[in-house]
Every structure is written in C-alpha cells, then in structure tokens.
C-alpha cells in the first residue's frame, strides 16, 4: 500500500502554515466561508508562503466567477468545492484544479453514491469524501464502510475527523490524500504540533 499524501485544512495562522509545510504536508487548505470558524481573508491566503505544498481554496457559496477571481488573487493551485456545485461549475473554474466534495451519508444507497462519483469524476482532478451530510471541520469521523463497494476511478481525498487515533484505519481505505483538520487542532483554526507529528509518525509505519 502506498502511503497517502497529507492535506492540512483550515489554515488561519502563518506559523501553522510554516509548521505544516515543514512537516511535509502536500496540500494546505484555506477556507473562504463566513460560516466557518476557520474562515480567512483572501489577503491572508495570498500572503501565505506554502513552500512546496499546494495551496487549496475551499469554497461553499461563491459563484464560479468569484472562485476564478480568487484563484488568481490568492495564487491557488486547487479549489475544493464544498457546496452544491455542479459539473458546469467545475468546468468553468477548470477541471484540472477541482477537488469535488461528496458526502456518502447523504445517499440512500451505494448505487446512488456511485452515480454521483461517476457523474463528477470526468469534471475534476480529485474527489473528496467527507463525514456528515454537509459542511466540514465538525470533527465527525466518516463511516468507511460506505465506500467499500464504490468504484472510484479518480484520485481521492478522505476527510472527516481524522486524528492520531483513527488515521491508520483511514489510510487502509486507500485514499490518495488524507485531509486533516479538526482532529489535529487544539482549538478551531489552531493546529496542534504534537498531534500533527503523531499522525505523520503513524503514517510512516504504514509502508
């Protein structure tokens, strides 16, 4: 099994950006949603020095044109679409940079989830599976059994309450990227170095 890459989402402080980049995160997430305690300004995201880590903007209610503007304004490598955006939205902002979020618990059956996986796969660079039925960063763990019978022909992120206690099991599910947020914080938007280092140590033993 190949060790998954790491994304740390909810960057709100320059020191956490430097910490996560220094620890080897491949993606760093900046949330642009006023309803989130981790919401940041475009100015902060633009000024963040992520080093080799890709800069990901998380969007919920913005229009496609607003997202396109933010891509250029903030120097975003990827856009994580965490709302009800459709295939056309993905194409307008550029499929090569889209991370499209889906919530397996929303679906009445594996077949219904598979239908949306197949619908969005051609229109994004990555899919992302999160816990709950909407939003993110709420600390809930995803039910991995919901993905057991799904064919995912696209690189994918796994999110949902990932922390030192459950990250090994999450890695076994085979995601390309583990998306960390609330499970490696001491408070919303404040990353916990000890938890981050623990996750990295655990994953290093998965190879």
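For the criterion of being part of a helix (DSSP H, G or I), within 27 Å of residue 23 (Cα to Cα) and under 18 Å from the mean Cα position of the chain (by Cα), residue 131 fails. Whether any residue in segment 54-76 is within 24 Å of residue 6 (Cβ to Cβ) and modelled with pLDDT under 95 is what I want to check. So far as segment 54-76 goes, no, none of its residues is within 24 Å of residue 6 (Cβ to Cβ) and modelled with pLDDT under 95. Every condition in (1) surrounded by fewer than 16 Cβ atoms within 10 Å (Cβ to Cβ); (2) at pLDDT below 95 is met by residue 182 except one, and the failing one is (1). Among the strands (runs of 3 or more DSSP E) confined to segment 137-207, the ones with at least 3 residues that are closer than 18 Å to residue 25 by Cβ are located at 156-158, 177-180. Restricted to segment 1-114, the set of helices (runs of 4 or more DSSP H) holding at least 2 residues that are within 30 Å of residue 202 (Cβ to Cβ) and out of contact with any helix residue (DSSP H, G or I) (no Cβ under 9 Å at 6 or more places or on another chain) comprises 14-22.
Just one of 70, 11 is at negative phi, over 13 Å from the mean Cα position of the chain (by Cα) and surrounded by 19 or more Cβ atoms within 10 Å (Cβ to Cβ); which is it?
Working: 11 fails: over 13 Å from the mean Cα position of the chain (by Cα).
After applying the criteria, what remains is 70.
The values are calculated or read from the model by the stated rules, or taken from the named source; none is laboratory data. Keep in mind the model is a prediction, meaning the values are calculated, not measured. For neighbour counting, all protein chains shown are included, and Cβ atoms are generated from backbone atoms with ideal geometry for every residue, glycine included.
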